[in-house]
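Peer 1: Sharing a structure here in C-alpha coordinates format.
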Amino acid sequence: MSYSNLKIFFPDTVHFHERNFKSLFAFIDRHKVDVTKNNEINSWTGLYGDYTEKASELAPYLKVLKKINSSDLFTFRHGSQTIWKVARAELLSYFLPKIEFNVMVKERDDLAQFELMLKLDREVVLDCYSASMFFMDYWSKKLKEIPVQKYALIFSGSQIYNKALLEVLKHSQTTSVVMEHFFTGNEYYFEDRYTPIANRSDLKYLVIPEHNNTNDYDRRRMKSINKILLSNNRNVKKTGEFLHLNFEKGKTVALIGQVVNDYSVIETASEYLNSVSFYQEFILKSIDAGLNVVFKAHPWEHHKNNVRTSFTKNMILAWAQEELNEQQRAKLVVTENADIDSIFKQVDFVAGLCSQGLLESVFDGFNPLQFGNAFFGGRGFTSDYISVDDFICDYRSDSISGFLSLSEYKSYEDFLVVALEKELVSVHGSGILTLESKLKEYPLIPLLVKK
(Lines give C-alpha, C1' and ligand atoms only; values in the text may rest on other atoms or scores of the structure.)
Protein backbone atom coordinates (compact mmCIF):
# COMPACT_ATOMS: atom_id res chain seq x y z
CA MET A 1 0.00 0.00 0.00
CA SER A 2 1.23 3.50 -0.81
CA TYR A 3 1.55 6.13 1.90
CA SER A 4 2.94 8.75 -0.46
CA ASN A 5 -0.08 11.03 0.01
CA LEU A 6 0.27 10.96 3.80
CA LYS A 7 1.25 14.27 5.39
CA ILE A 8 2.55 14.38 8.97
CA PHE A 9 3.22 17.48 11.07
CA PHE A 10 5.78 17.58 13.89
CA PRO A 11 4.96 20.63 16.08
CA ASP A 12 8.43 20.52 17.65
CA THR A 13 11.71 18.71 17.03
CA VAL A 14 12.70 18.37 20.70
CA HIS A 15 10.61 15.30 21.51
CA PHE A 16 10.46 13.87 18.01
CA HIS A 17 13.72 12.37 16.84
CA GLU A 18 14.99 8.93 15.86
CA ARG A 19 16.44 8.14 19.28
CA ASN A 20 12.98 8.35 20.89
CA PHE A 21 10.83 6.89 18.11
CA LYS A 22 13.07 4.81 15.88
CA SER A 23 10.28 2.81 14.21
CA LEU A 24 8.32 5.98 13.40
CA PHE A 25 11.23 7.49 11.50
CA ALA A 26 11.92 4.15 9.81
CA PHE A 27 8.28 4.10 8.67
CA ILE A 28 8.64 7.64 7.31
CA ASP A 29 11.82 6.74 5.43
CA ARG A 30 10.41 3.50 4.04
CA HIS A 31 7.30 5.10 2.62
CA LYS A 32 8.78 8.51 1.74
CA VAL A 33 6.12 10.20 3.85
CA ASP A 34 5.69 13.95 3.43
CA VAL A 35 6.76 15.49 6.76
CA THR A 36 6.55 19.10 7.93
CA LYS A 37 8.81 19.83 10.88
CA ASN A 38 8.37 22.91 13.04
CA ASN A 39 11.34 24.04 15.13
CA GLU A 40 10.13 27.59 15.78
CA ILE A 41 8.86 26.82 19.27
CA ASN A 42 11.61 24.48 20.48
CA SER A 43 12.81 27.05 23.00
CA TRP A 44 9.34 27.02 24.63
CA THR A 45 9.10 23.27 25.21
CA GLY A 46 11.27 23.15 28.34
CA LEU A 47 9.94 26.17 30.24
CA TYR A 48 7.29 24.34 32.31
CA GLY A 49 5.53 27.35 33.77
CA ASP A 50 8.47 29.76 33.93
CA TYR A 51 8.02 32.10 30.96
CA THR A 52 10.09 35.03 32.18
CA GLU A 53 12.46 34.76 29.20
CA LYS A 54 9.50 35.15 26.81
CA ALA A 55 8.37 38.50 28.18
CA SER A 56 8.45 40.30 24.84
CA GLU A 57 6.30 37.70 23.06
CA LEU A 58 3.79 37.61 25.92
CA ALA A 59 3.58 41.36 26.55
CA PRO A 60 0.44 41.99 24.42
CA TYR A 61 -1.44 39.22 26.21
CA LEU A 62 -0.26 40.32 29.66
CA LYS A 63 -1.53 43.79 28.93
CA VAL A 64 -5.02 42.38 28.40
CA LEU A 65 -4.90 40.08 31.43
CA LYS A 66 -3.77 42.76 33.87
CA LYS A 67 -7.02 44.63 33.24
CA ILE A 68 -9.13 41.66 34.32
CA ASN A 69 -10.32 41.20 37.90
CA SER A 70 -9.01 38.15 39.73
CA SER A 71 -12.56 36.88 40.18
CA ASP A 72 -13.02 36.79 36.40
CA LEU A 73 -9.70 35.16 35.48
CA PHE A 74 -10.85 31.64 36.32
CA THR A 75 -13.52 31.71 33.61
CA PHE A 76 -11.64 34.01 31.22
CA ARG A 77 -11.90 32.95 27.58
CA HIS A 78 -9.66 33.70 24.63
CA GLY A 79 -11.52 33.09 21.43
CA SER A 80 -13.76 30.14 22.26
CA GLN A 81 -11.46 28.53 24.83
CA THR A 82 -11.44 28.80 28.62
CA ILE A 83 -7.77 29.51 29.29
CA TRP A 84 -7.67 27.86 32.71
CA LYS A 85 -8.28 24.49 31.00
CA VAL A 86 -5.25 25.01 28.76
CA ALA A 87 -2.95 26.25 31.52
CA ARG A 88 -4.12 24.12 34.47
CA ALA A 89 -1.82 21.08 34.16
CA GLU A 90 1.33 23.12 33.60
CA LEU A 91 0.45 25.48 36.44
CA LEU A 92 -0.01 22.55 38.79
CA SER A 93 3.28 21.03 37.64
CA TYR A 94 4.90 24.34 38.63
CA PHE A 95 3.16 24.83 41.99
CA LEU A 96 2.87 21.30 43.42
CA PRO A 97 6.62 21.11 44.21
CA LYS A 98 6.35 24.39 46.15
CA ILE A 99 6.03 23.57 49.86
CA GLU A 100 3.76 26.52 50.61
CA PHE A 101 1.34 25.29 47.92
CA ASN A 102 1.77 21.57 48.55
CA VAL A 103 0.82 21.65 52.22
CA MET A 104 -2.45 23.45 51.41
CA VAL A 105 -3.67 21.02 48.72
CA LYS A 106 -5.18 17.57 48.95
CA GLU A 107 -8.13 16.78 46.70
CA ARG A 108 -8.90 18.35 43.35
CA ASP A 109 -10.66 21.69 43.68
CA ASP A 110 -9.79 23.78 40.64
CA LEU A 111 -11.18 27.10 41.85
CA ALA A 112 -9.58 26.86 45.30
CA GLN A 113 -6.23 25.88 43.79
CA PHE A 114 -6.41 28.67 41.21
CA GLU A 115 -7.05 31.23 43.95
CA LEU A 116 -4.14 29.84 45.98
CA MET A 117 -1.86 30.13 42.94
CA LEU A 118 -2.85 33.77 42.49
CA LYS A 119 -2.11 34.44 46.14
CA LEU A 120 1.32 32.80 46.04
CA ASP A 121 2.58 34.02 42.67
CA ARG A 122 0.18 35.97 40.48
CA GLU A 123 2.91 36.70 37.94
CA VAL A 124 3.43 33.00 37.15
CA VAL A 125 -0.32 32.51 36.69
CA LEU A 126 -0.58 35.44 34.29
CA ASP A 127 2.48 34.28 32.37
CA CYS A 128 0.98 30.81 31.89
CA TYR A 129 -2.32 32.35 30.85
CA SER A 130 -0.45 34.55 28.39
CA ALA A 131 1.44 31.56 26.99
CA SER A 132 -1.87 29.74 26.52
CA MET A 133 -3.30 32.66 24.58
CA PHE A 134 -0.09 33.02 22.58
CA PHE A 135 -0.19 29.39 21.48
CA MET A 136 -3.89 29.39 20.67
CA ASP A 137 -3.13 32.20 18.21
CA TYR A 138 0.19 30.72 17.08
CA TRP A 139 -1.23 27.33 16.10
CA SER A 140 -4.28 28.81 14.39
CA LYS A 141 -1.94 30.86 12.22
CA LYS A 142 0.62 28.07 11.68
CA LEU A 143 -1.94 25.56 10.41
CA LYS A 144 -3.09 28.10 7.81
CA GLU A 145 0.49 28.70 6.62
CA ILE A 146 1.39 25.06 5.94
CA PRO A 147 -0.28 22.54 3.62
CA VAL A 148 -3.21 20.67 5.13
CA GLN A 149 -1.79 17.81 7.18
CA LYS A 150 -3.37 14.41 7.66
CA TYR A 151 -1.86 13.98 11.16
CA ALA A 152 -0.22 16.16 13.78
CA LEU A 153 1.91 14.17 16.22
CA ILE A 154 1.86 15.48 19.78
CA PHE A 155 3.98 14.39 22.74
CA SER A 156 1.96 13.79 25.91
CA GLY A 157 -0.41 16.72 25.41
CA SER A 158 -0.27 18.22 28.91
CA GLN A 159 2.09 21.15 28.40
CA ILE A 160 0.55 24.45 27.38
CA TYR A 161 1.97 24.49 23.86
CA ASN A 162 0.63 21.00 23.17
CA LYS A 163 -2.72 21.40 24.89
CA ALA A 164 -3.36 24.59 22.93
CA LEU A 165 -2.59 22.70 19.71
CA LEU A 166 -5.04 19.95 20.67
CA GLU A 167 -7.76 22.56 21.12
CA VAL A 168 -7.02 24.19 17.76
CA LEU A 169 -6.93 20.83 15.98
CA LYS A 170 -10.49 20.11 17.13
CA HIS A 171 -11.59 22.67 14.55
CA SER A 172 -9.29 21.62 11.70
CA GLN A 173 -9.00 18.94 9.03
CA THR A 174 -5.94 17.48 10.77
CA THR A 175 -6.19 14.48 13.08
CA SER A 176 -4.19 14.70 16.30
CA VAL A 177 -2.15 11.68 17.39
CA VAL A 178 -0.83 11.78 20.96
CA MET A 179 2.32 9.79 21.76
CA GLU A 180 4.24 8.85 24.89
CA HIS A 181 6.38 5.94 26.02
CA PHE A 182 4.96 2.91 27.83
CA PHE A 183 6.65 1.77 31.04
CA THR A 184 8.60 -0.89 29.14
CA GLY A 185 10.55 1.86 27.38
CA ASN A 186 10.56 -0.16 24.16
CA GLU A 187 6.93 0.55 23.26
CA TYR A 188 4.99 3.77 22.86
CA TYR A 189 1.40 4.94 22.67
CA PHE A 190 0.12 6.16 19.30
CA GLU A 191 -3.49 7.22 19.77
CA ASP A 192 -5.94 9.38 17.80
CA ARG A 193 -7.26 11.74 20.46
CA TYR A 194 -7.79 15.39 21.40
CA THR A 195 -6.92 15.06 25.08
CA PRO A 196 -3.65 14.48 26.98
CA ILE A 197 -2.66 10.83 27.28
CA ALA A 198 -1.22 10.75 30.82
CA ASN A 199 -3.15 7.99 32.64
CA ARG A 200 -5.90 8.32 30.02
CA SER A 201 -4.69 5.87 27.42
CA ASP A 202 -7.31 4.14 25.30
CA LEU A 203 -5.91 0.90 26.72
CA LYS A 204 -8.48 1.62 29.42
CA TYR A 205 -11.15 0.58 26.92
CA LEU A 206 -9.47 -2.52 25.50
CA VAL A 207 -11.84 -5.27 24.51
CA ILE A 208 -10.25 -8.63 25.22
CA PRO A 209 -11.38 -11.02 22.47
CA GLU A 210 -12.56 -14.53 23.20
CA HIS A 211 -9.85 -17.00 22.33
CA ASN A 212 -8.97 -20.62 22.54
CA ASN A 213 -5.62 -21.86 23.72
CA THR A 214 -4.28 -21.79 20.19
CA ASN A 215 -0.68 -21.82 19.14
CA ASP A 216 -1.05 -18.29 17.77
CA TYR A 217 -2.28 -16.95 21.12
CA ASP A 218 0.52 -18.72 22.98
CA ARG A 219 3.07 -17.18 20.60
CA ARG A 220 1.68 -13.72 21.25
CA ARG A 221 1.59 -14.35 24.99
CA MET A 222 5.24 -15.38 25.03
CA LYS A 223 6.22 -12.35 22.93
CA SER A 224 4.37 -10.08 25.37
CA ILE A 225 6.08 -11.65 28.37
CA ASN A 226 9.46 -11.20 26.67
CA LYS A 227 8.69 -7.53 26.13
CA ILE A 228 8.16 -7.13 29.87
CA LEU A 229 11.38 -9.02 30.59
CA LEU A 230 13.25 -6.74 28.17
CA SER A 231 11.82 -3.57 29.73
CA ASN A 232 14.05 -0.51 29.57
CA ASN A 233 12.28 2.11 31.66
CA ARG A 234 13.57 5.51 30.52
CA ASN A 235 13.01 7.23 33.87
CA VAL A 236 13.98 4.51 36.35
CA LYS A 237 17.27 2.66 35.93
CA LYS A 238 18.35 -0.37 37.94
CA THR A 239 20.81 0.55 40.68
CA GLY A 240 21.67 -2.91 41.95
CA GLU A 241 20.86 -1.74 45.48
CA PHE A 242 19.08 -4.41 47.51
CA LEU A 243 17.01 -3.14 50.41
CA HIS A 244 16.88 -5.60 53.35
CA LEU A 245 13.66 -5.16 55.31
CA ASN A 246 13.80 -6.23 58.94
CA PHE A 247 10.45 -5.46 60.52
CA GLU A 248 9.78 -7.27 63.79
CA LYS A 249 6.27 -8.50 63.00
CA GLY A 250 3.23 -7.98 60.79
CA LYS A 251 2.59 -7.91 57.06
CA THR A 252 4.32 -5.33 54.86
CA VAL A 253 2.98 -3.11 52.10
CA ALA A 254 5.17 -1.44 49.47
CA LEU A 255 3.90 2.04 48.60
CA ILE A 256 5.11 3.06 45.13
CA GLY A 257 5.71 6.80 44.84
CA GLN A 258 5.40 9.03 41.78
CA VAL A 259 7.00 12.34 40.95
CA VAL A 260 5.10 15.02 42.86
CA ASN A 261 4.07 16.87 39.69
CA ASP A 262 3.47 13.78 37.54
CA TYR A 263 0.97 14.65 34.81
CA SER A 264 -0.71 11.25 35.22
CA VAL A 265 -1.87 12.35 38.69
CA ILE A 266 -2.56 15.96 37.72
CA GLU A 267 -4.71 15.09 34.71
CA THR A 268 -6.92 12.39 36.25
CA ALA A 269 -6.97 12.95 40.02
CA SER A 270 -10.29 13.12 41.81
CA GLU A 271 -9.84 12.12 45.45
CA TYR A 272 -6.05 12.55 45.60
CA LEU A 273 -4.44 15.38 43.62
CA ASN A 274 -1.55 15.85 46.04
CA SER A 275 0.41 12.58 46.01
CA VAL A 276 2.40 13.53 49.14
CA SER A 277 -0.81 14.00 51.12
CA PHE A 278 -2.04 10.61 49.92
CA TYR A 279 1.19 8.88 50.95
CA GLN A 280 1.02 10.41 54.41
CA GLU A 281 -2.58 9.28 54.91
CA PHE A 282 -1.85 5.79 53.59
CA ILE A 283 1.26 5.34 55.74
CA LEU A 284 -0.42 6.50 58.96
CA LYS A 285 -3.60 4.47 58.56
CA SER A 286 -1.73 1.36 57.41
CA ILE A 287 0.66 1.47 60.38
CA ASP A 288 -2.23 2.00 62.80
CA ALA A 289 -3.88 -1.08 61.26
CA GLY A 290 -0.77 -3.14 62.07
CA LEU A 291 0.97 -3.05 58.68
CA ASN A 292 4.59 -2.21 58.03
CA VAL A 293 5.18 0.23 55.16
CA VAL A 294 8.14 0.62 52.82
CA PHE A 295 7.80 3.79 50.76
CA LYS A 296 9.63 3.80 47.43
CA ALA A 297 10.17 7.40 46.30
CA HIS A 298 10.65 8.08 42.60
CA PRO A 299 14.29 8.89 41.71
CA TRP A 300 13.23 10.86 38.61
CA GLU A 301 12.36 13.82 40.85
CA HIS A 302 16.05 14.76 40.66
CA HIS A 303 15.61 15.31 36.91
CA LYS A 304 12.03 16.56 36.70
CA ASN A 305 11.43 20.18 35.81
CA ASN A 306 10.35 22.36 38.73
CA VAL A 307 11.52 19.72 41.24
CA ARG A 308 15.23 18.76 40.88
CA THR A 309 15.39 17.38 44.45
CA SER A 310 14.12 14.41 46.47
CA PHE A 311 11.01 16.46 47.22
CA THR A 312 8.61 13.64 48.08
CA LYS A 313 11.13 11.62 50.08
CA ASN A 314 12.14 14.69 52.09
CA MET A 315 8.52 15.64 52.74
CA ILE A 316 7.70 12.13 53.97
CA LEU A 317 10.78 11.97 56.22
CA ALA A 318 10.08 15.40 57.75
CA TRP A 319 6.43 14.53 58.30
CA ALA A 320 7.29 11.16 59.90
CA GLN A 321 9.73 12.84 62.28
CA GLU A 322 7.14 15.39 63.36
CA GLU A 323 3.89 13.43 63.28
CA LEU A 324 4.77 9.79 64.04
CA ASN A 325 5.88 8.43 67.38
CA GLU A 326 8.87 6.12 67.81
CA GLN A 327 6.80 2.93 67.56
CA GLN A 328 5.13 4.13 64.36
CA ARG A 329 8.44 5.18 62.79
CA ALA A 330 9.82 1.70 63.50
CA LYS A 331 7.21 0.34 61.09
CA LEU A 332 8.22 2.67 58.22
CA VAL A 333 11.13 2.48 55.80
CA VAL A 334 11.70 5.18 53.18
CA THR A 335 13.95 4.54 50.20
CA GLU A 336 14.61 6.16 46.86
CA ASN A 337 17.39 4.20 45.19
CA ALA A 338 16.65 0.59 46.12
CA ASP A 339 15.63 -1.54 43.16
CA ILE A 340 11.91 -2.12 43.15
CA ASP A 341 12.51 -5.81 42.45
CA SER A 342 14.25 -6.22 45.81
CA ILE A 343 11.23 -4.69 47.54
CA PHE A 344 8.73 -6.94 45.76
CA LYS A 345 10.57 -9.99 47.10
CA GLN A 346 9.87 -9.00 50.72
CA VAL A 347 6.35 -7.56 50.87
CA ASP A 348 2.76 -8.81 51.07
CA PHE A 349 1.00 -5.92 49.32
CA VAL A 350 1.87 -3.29 46.71
CA ALA A 351 -0.02 0.02 46.62
CA GLY A 352 0.02 3.33 44.79
CA LEU A 353 -1.96 5.91 42.88
CA CYS A 354 -1.60 5.31 39.13
CA SER A 355 2.10 4.51 38.83
CA GLN A 356 2.92 2.06 36.06
CA GLY A 357 5.14 0.46 38.70
CA LEU A 358 1.88 -1.17 39.80
CA LEU A 359 1.73 -2.86 36.40
CA GLU A 360 5.25 -4.13 37.00
CA SER A 361 4.17 -5.60 40.32
CA VAL A 362 1.42 -7.61 38.64
CA PHE A 363 4.09 -9.37 36.60
CA ASP A 364 5.59 -10.43 39.95
CA GLY A 365 2.27 -11.91 41.05
CA PHE A 366 0.81 -9.03 43.07
CA ASN A 367 -2.77 -7.82 42.98
CA PRO A 368 -1.88 -4.14 43.51
CA LEU A 369 -3.99 -1.69 45.47
CA GLN A 370 -4.59 1.28 43.16
CA PHE A 371 -6.15 4.56 44.29
CA GLY A 372 -5.64 6.86 41.30
CA ASN A 373 -8.07 6.04 38.48
CA ALA A 374 -5.30 4.11 36.74
CA PHE A 375 -6.00 3.33 33.08
CA PHE A 376 -5.26 -0.33 33.84
CA GLY A 377 -7.68 -0.48 36.78
CA GLY A 378 -10.84 -2.53 36.59
CA ARG A 379 -9.28 -5.11 34.29
CA GLY A 380 -9.44 -7.97 36.77
CA PHE A 381 -5.89 -7.87 38.12
CA THR A 382 -5.98 -4.87 40.47
CA SER A 383 -7.82 -4.03 43.68
CA ASP A 384 -9.31 -0.60 43.00
CA TYR A 385 -10.10 1.79 45.84
CA ILE A 386 -11.49 5.29 46.13
CA SER A 387 -10.20 5.87 49.66
CA VAL A 388 -7.59 4.50 52.05
CA ASP A 389 -10.32 3.81 54.60
CA ASP A 390 -11.94 1.31 52.22
CA PHE A 391 -8.70 -0.64 51.97
CA ILE A 392 -8.13 -0.58 55.73
CA CYS A 393 -11.65 -1.93 56.26
CA ASP A 394 -10.95 -4.82 53.86
CA TYR A 395 -7.58 -5.51 55.46
CA ARG A 396 -8.98 -5.61 58.98
CA SER A 397 -11.71 -8.03 57.87
CA ASP A 398 -9.12 -10.19 56.06
CA SER A 399 -11.07 -9.89 52.79
CA ILE A 400 -8.21 -8.70 50.59
CA SER A 401 -5.25 -10.63 49.23
CA GLY A 402 -2.13 -8.94 47.97
CA PHE A 403 -1.49 -11.69 45.44
CA LEU A 404 -3.17 -12.78 42.23
CA SER A 405 -5.21 -15.89 41.69
CA LEU A 406 -4.49 -17.86 38.51
CA SER A 407 -7.57 -16.43 36.80
CA GLU A 408 -6.54 -12.87 37.73
CA TYR A 409 -3.04 -13.47 36.35
CA LYS A 410 -4.66 -14.78 33.17
CA SER A 411 -6.57 -11.48 32.89
CA TYR A 412 -3.24 -9.67 33.14
CA GLU A 413 -1.74 -11.81 30.39
CA ASP A 414 -4.75 -11.17 28.14
CA PHE A 415 -4.37 -7.43 28.74
CA LEU A 416 -0.66 -7.56 27.87
CA VAL A 417 -1.25 -9.53 24.69
CA VAL A 418 -3.74 -7.04 23.29
CA ALA A 419 -1.82 -3.99 24.53
CA LEU A 420 1.69 -5.00 23.49
CA GLU A 421 0.88 -6.98 20.36
CA LYS A 422 -1.87 -4.82 18.88
CA GLU A 423 -2.24 -1.32 20.34
CA LEU A 424 1.22 -0.15 21.41
CA VAL A 425 3.99 0.47 18.87
CA SER A 426 7.42 -1.08 19.28
CA VAL A 427 10.44 1.19 18.86
CA HIS A 428 12.04 -1.68 16.93
CA GLY A 429 11.42 -2.81 13.37
CA SER A 430 8.19 -4.65 14.18
CA GLY A 431 6.68 -1.29 15.07
CA ILE A 432 6.68 -0.33 11.39
CA LEU A 433 3.98 -2.92 10.69
CA THR A 434 1.86 -1.57 13.54
CA LEU A 435 2.20 1.97 12.19
CA GLU A 436 1.27 0.81 8.72
CA SER A 437 -1.91 -0.66 10.17
CA LYS A 438 -2.73 2.43 12.23
CA LEU A 439 -2.07 4.89 9.41
CA LYS A 440 -3.66 2.88 6.62
CA GLU A 441 -6.21 4.90 4.68
CA TYR A 442 -9.37 3.12 3.82
CA PRO A 443 -10.78 3.87 0.37
CA LEU A 444 -13.92 5.94 0.34
CA ILE A 445 -17.04 4.23 -0.95
CA PRO A 446 -19.13 6.85 -2.74
CA LEU A 447 -22.89 6.78 -2.49
CA LEU A 448 -24.62 5.94 -5.73
CA VAL A 449 -26.81 8.60 -7.25
CA LYS A 450 -30.15 7.06 -8.06
CA LYS A 451 -31.31 8.06 -11.55
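Peer 1: Have a look at L96, V418, F16 and report the one farthest towards the positive end of the charge dipole of the chain, computed about the Cα centre with Cβ charges (Lys/Arg +1, Asp/Glu -1).
Peer 2: After comparing all options, I get F16.
Peer 1: Follow-up question, since we're still on this one. Explain nothing, just the number: dipole magnitude of the chain about its Cα centre with +1 on each Lys and Arg Cβ and -1 on each Asp and Glu Cβ, in debye rounded to the nearest 20. Mind showing how you got there, number by number?
Peer 2: Values: 53 positive and 58 negative charges, 325 e Å.
Result for the chain is approximately 1560 debye, rounded to the nearest 20.
Peer 1: Label points 7 Å out from Cα along the Cβ direction at H428 and F74: separation in nm?
Peer 2: Each label point lies 7 Å from its Cα, and together they span 5.2 nm.
Peer 1: For the chain, what is the accessible area per residue in Å² when the probe is 1.4 Å? Write down the numbers at each step before the final one.
Peer 2: On the way: 20990 Å² over 451 residues.
Using a 1.4 Å probe on heavy atoms only, each residue of the chain averages 47 Å².
Peer 1: Label E326 and H302 with points 7 Å out from Cα along Cα→Cβ: what is the distance between them in nm?
Peer 2: 3.3
Peer 1: Right, next: Tell me, what is the percent relative contact order of the chain, built from C-alpha pairs under 8 Å that lie six or more residues apart?
Peer 2: Working: 709 pairs, mean separation 75.3, N = 451.
Normalised by residue count, the contact order of the chain is 17 percent.
Peer 1: Farthest toward the dipole's positive end in the stretch 354-450, which of F381, G431, S405, given Cβ charges of +1 (Lys, Arg) and -1 (Asp, Glu) about the Cα centre?
Peer 2: Toward the positive end, the furthest listed residue is G431.
Peer 1: Determine the order of K119, K296, K223, K450 by accessible area, beginning with the largest, at a probe radius of 1.4 Å.
Peer 2: K450, K119, K223, K296
Peer 1: Output the pairs from K345/K410; K204/K422; K98/K141; K204/K296; K22/K223; K238/K313 with a Cα-Cα distance over 24 Å in this structure; if there are none, say none. Don't skip to the answer; put the middle values down first.
Peer 2: Details: K345/K410 21 Å; K204/K422 14 Å; K98/K141 36 Å; K204/K296 26 Å; K22/K223 20 Å; K238/K313 19 Å.
Pairs exceeding the cut-off: K98/K141; K204/K296.
Peer 1: Here's a follow-up. Name the trypsin sites (Lys or Arg not before Pro) in the stretch 1-79 that are in a loop by DSSP and that have at most 12 other C-beta atoms within 10 Å, would you?
Peer 2: Values: sites: K7, R19, K22, R30, K32, K37, K54, K63, K66, K67, R77; in loops: R19, K32, K66, K67.
Qualifying residues, ordered by number: R19, K32, K66, K67.
Peer 1: What percentage of the solvent-accessible surface of the chain, computed with a 1.4 Å probe over protein heavy atoms, is contributed by carbon and sulfur atoms? Can you show the working numbers first?
Peer 2: Working: 10500 of 20990 Å².
After summing per-atom areas, the C and S share lands at 50 percent.
Peer 1: Could you go through the stretch 405-421 in sequence order and give the Karplus-derived ³J(HN,Hα) for each residue, using 6.51 cos²θ - 1.76 cosθ + 1.60 with θ = phi - 60°, rounded to whole Hz, and x for Gly and Pro?
Peer 2: 7, 4, 5, 5, 5, 5, 4, 5, 4, 4, 4, 4, 4, 5, 5, 7, 9
Peer 1: What's the extension gain from N337 to N314 if we count 0.36 nm per residue and subtract their Cα-Cα distance?
Peer 2: Numbers: separation 23, 0.36 × 23 = 8.28 nm, distance 1.36 nm.
Gain on stretching N337 to N314: 6.9 nm.
Peer 1: How large is the dipole of the stretch 2-147 about the Cα centre if only Lys and Arg carry +1 and Asp and Glu carry -1, each at its Cβ, rounded to the nearest 20 debye?
Peer 2: Working: 21 positive and 20 negative charges, 87 e Å.
Its charge dipole is roughly 420 debye.
Peer 1: How far apart, in nanometres, would the label points at M104 and D390 be if each is projected 7 angstrom from Cα along the Cα-to-Cβ direction?
Peer 2: Each label point is offset 7 Å from its Cα along the Cβ direction, giving 3.0 nm.
Peer 1: Just subtract the alpha-carbon distance of L120 and S56 from 0.36 nm times their residue separation and send over the number in nm, one decimal. Walk me through the numbers on the way to the answer.
Peer 2: Numbers: separation 64, 0.36 × 64 = 23.04 nm, distance 2.36 nm.
Here the answer is 20.7 nm.
Peer 1: Follow-up question, since we're still on this one. Roll a 1.4 Å probe over the protein heavy atoms and report the accessible area of F349 in Å², nearest 10.
Peer 2: Counting only protein heavy atoms, F349 exposes about 10 Å² to solvent.
Peer 1: Please give the per residue volume of the convex hull enclosing the alpha carbon atoms of the stretch 279-330, rounded to a whole number of Å³. Intermediate results must be reported in sequence, preceding the final value.
Peer 2: On the way: hull volume 3.9 nm³, N = 52.
So the per-residue Cα hull volume is 75 Å³.
Peer 1: Now for a different question. Using a 1.4 Å probe and ignoring any ligands, DNA or RNA, find the accessible area of I228 and quote it in Å² to the nearest 10.
Peer 2: 20
Peer 1: May I ask for the longest run of the chain untouched by GluC sites (Glu not before Pro) that are loop-located per DSSP and have at most 12 neighbouring C-beta atoms (other than their own) within 10 Å? Let's see the in-between values first.
Peer 2: Working: sites that count: E40, E210, E241, E248, E441.
Answer - 249-440.
Peer 1: In whole Hz, with x marking every Gly and Pro, tabulate ³J(HN,Hα) for the stretch 59-74 from phi via Karplus 6.51 cos²θ - 1.76 cosθ + 1.60, θ = phi - 60°.
Peer 2: Listing the rounded values in order: 3, x, 6, 4, 4, 5, 5, 5, 8, 9, 5, 4, 5, 9, 5, 4 Hz.
Peer 1: Length gain on complete extension for the stretch S399 to S172, per 0.36 nm per residue less the alpha carbon to alpha carbon distance?
Peer 2: Details: separation 227, 0.36 × 227 = 81.72 nm, distance 5.18 nm.
Gain on stretching S399 to S172: 76.5 nm.
Peer 1: List the trypsin sites (Lys or Arg not before Pro) within the stretch 341-432 that DSSP assigns to loop and that have no more than 13 neighbouring Cβ atoms inside 10 Å. Can you show the working numbers first?
Peer 2: On the way: sites: K345, R379, R396, K410, K422; in loops: K345, R379.
Those that pass, being in a loop and sparsely packed, are K345.
Peer 1: So if we plug the beta-carbon distance of A112 and E18 into 1/(1 + (r/R0)^6) with R0 = 35 Å, what FRET efficiency do we get, rounded to 0.05?
Peer 2: Given R0 = 35 Å and the Cβ-Cβ separation, E is 0.20.
Peer 1: In whole Å, what are the extents of the chain along the principal axes defined by its C-alpha atoms, from largest to smallest?
Peer 2: 78, 66, 46
The values are calculated or read from the model by the stated rules, or taken from the named source; none is laboratory data. Everything numeric in this text was worked out from a predicted model, so none of it was measured. As a convention, Cβ positions derive from the backbone with ideal geometry for all residues, glycine included, and neighbour counts pool all protein chains shown. Side chains are part of the model used for accessible areas, which takes the heavy atoms of the whole protein and leaves out ligands, DNA and RNA. Shrake-Rupley method; radii C 1.70, N 1.55, O 1.52, S 1.80 Å.
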